[in-house]
Amino acid sequence: MKHNRLFLIIVAFLLLGILSAEAKRKEKRHIVRIETNMGNIRVVLSDDTPLHRDNFLKLAREGFYEGTLFHRCIKDFMIQGGDPDSRNAKPGQQLGNGGTGYLIPAEFDLPYLYHWRGALAAAREPDDVNPEQASSGCQFYIVYGKKQTEYDLDKVRAMLAEKGIGLSSQMINDYIIRGGTPHLDGQYTVFGEVIEGMEVVKAIQGVETDKNDRPLEDVVIKCMIVEQ
């Protein structure tokens, strides 16, 4: 009986420790609500990408994104925003080159943070002018992406393998069931994900656009609110 009682006490302490650790983990979660003229999107930021997390929180708190647009929307791919030049931009004006004047070092975290549907990631300049793959100081995108087939993934795996990037079985499973853009993995920093409002993302990625993928009717970020 004494041994059984001791065993139960030990189990109770272990459970208490797990619950306490989980509570602390949840306290660290930073959630940002992106309010747009097409609805709201809530994203949670990863503590495993602290440079991107802290920068995004800073800009959100400062109101940097208010009045900017989701200026690049590609159906079955992603929606991109955060260009300060998009604020009050004229119809048809080409966007995507605005920034903060600084870059953020890449924070790749495979196989834990990857481009499944709903991933929040940082935009950047291409490799030929940005070989370090550093992120824009403000522009970001939210992945939509189609559900992948085994055939799709075979092609992607071959392409990524040439760059020394692999896909785990969990990643493959998520891309087949949930969808996403696996060809971007290990090259663009994922730093969060959508936890509410994927129906809004779906609506935005499906809007009519011009030849530069800019929506014909502006999709405006009214504000970003840090909830936690």
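The values are calculated or read from the model by the stated rules, or taken from the named source; none is laboratory data. Predicted model, so just to flag it, every value in this text is computed and none were measured. Backbone-built Cβ (ideal geometry, glycine too); neighbour counts: all protein chains shown.
In the set Tyr175, Tyr188, Tyr141, which member is within 22 Å of Gly98 (Cα to Cα), in contact with a Lys or Arg (Cβ under 9 Å, 6 or more places away or on another chain), outside any strand (DSSP E or B) and not polar (S, T, N, Q)? Break it down into steps so the answer makes sense when it comes.
Values: Tyr175 fails: within 22 Å of Gly98 (Cα to Cα); Tyr141 fails: outside any strand (DSSP E or B).
After ruling out the rest, the residue left standing is Tyr188.
Among Gly145, Gly179, which is the only one that is surrounded by 11 or more Cβ atoms within 10 Å (Cβ to Cβ) and either of a type in the set (Ser, Thr, Tyr) or closer than 27 Å to Asn55 by Cβ (or both)? Working first, answer last.
Details: Gly179 fails: either of a type in the set (Ser, Thr, Tyr) or closer than 27 Å to Asn55 by Cβ (or both).
So the residue among Gly145, Gly179 that is surrounded by 11 or more Cβ atoms within 10 Å (Cβ to Cβ) and either of a type in the set (Ser, Thr, Tyr) or closer than 27 Å to Asn55 by Cβ (or both) is Gly145.
How about segment 194-219: which of its residues are crowded, with 19+ Cβ neighbours inside 10 Å and within 24 Å of Leu45 (Cβ to Cβ)?
Those that are crowded, with 19+ Cβ neighbours inside 10 Å and within 24 Å of Leu45 (Cβ to Cβ): Val194, Gly197, Val200, Val201, Ile204, Gln205, Val219.
Can you pull out every residue in segment 113-136 that is surrounded by fewer than 19 Cβ atoms within 10 Å (Cβ to Cβ) and under 21 Å from Leu57 (Cα atoms)? First the steps, then the outcome.
Pass one, segment 113-136, residues surrounded by fewer than 19 Cβ atoms within 10 Å (Cβ to Cβ): 125-134.
The one that is surrounded by fewer than 19 Cβ atoms within 10 Å (Cβ to Cβ) and under 21 Å from Leu57 (Cα atoms): Ala134.
What are the pairs with Cβ atoms under 6 angstrom where one residue, in segment 128-154, is modelled with pLDDT of 95 or more and the other, located anywhere, is acidic (Asp, Glu) and assigned to a loop (DSSP other than H, G, I, E, B)? Sequence gap at least six, or different chains.
Hits for this filter: Gln139/Asp83; Lys146/Asp76.
Can you tell me which residue within segment 75-130, out of those that are among the polar types (S, T, N, Q) and part of a loop (DSSP other than H, G, I, E, B), is farthest from Gly197 (Cα to Cα)?
Quick first cut of segment 75-130, residues among the polar types (S, T, N, Q) only: 80, 86, 88, 93-94, 97, 100, 130.
Next, from what is left, pick out any that are part of a loop (DSSP other than H, G, I, E, B): 88, 93-94, 97, 100, 130.
On the way: Asn88: 25, Gln93: 28, Gln94: 27, Asn97: 27, Thr100: 27, Asn130: 32 Å.
If we take residues in segment 75-130 being among the polar types (S, T, N, Q) and part of a loop (DSSP other than H, G, I, E, B), then Asn130 is farthest from Gly197 (Cα to Cα).
Touching a residue at least 12 places away in the same chain (Cβ under 8 Å) and under 28 Å from Met171 (Cα atoms) - does that describe any residue in segment 82-97?
Looking through segment 82-97, at least one residue is touching a residue at least 12 places away in the same chain (Cβ under 8 Å) and under 28 Å from Met171 (Cα atoms).
Anything in segment 175-228 that is without any contact (Cβ under 8 Å) to a residue 40 or more places away in the chain and of a type in the set (Lys, Arg)? List them, or say none.
Passing the criteria: only Lys211.
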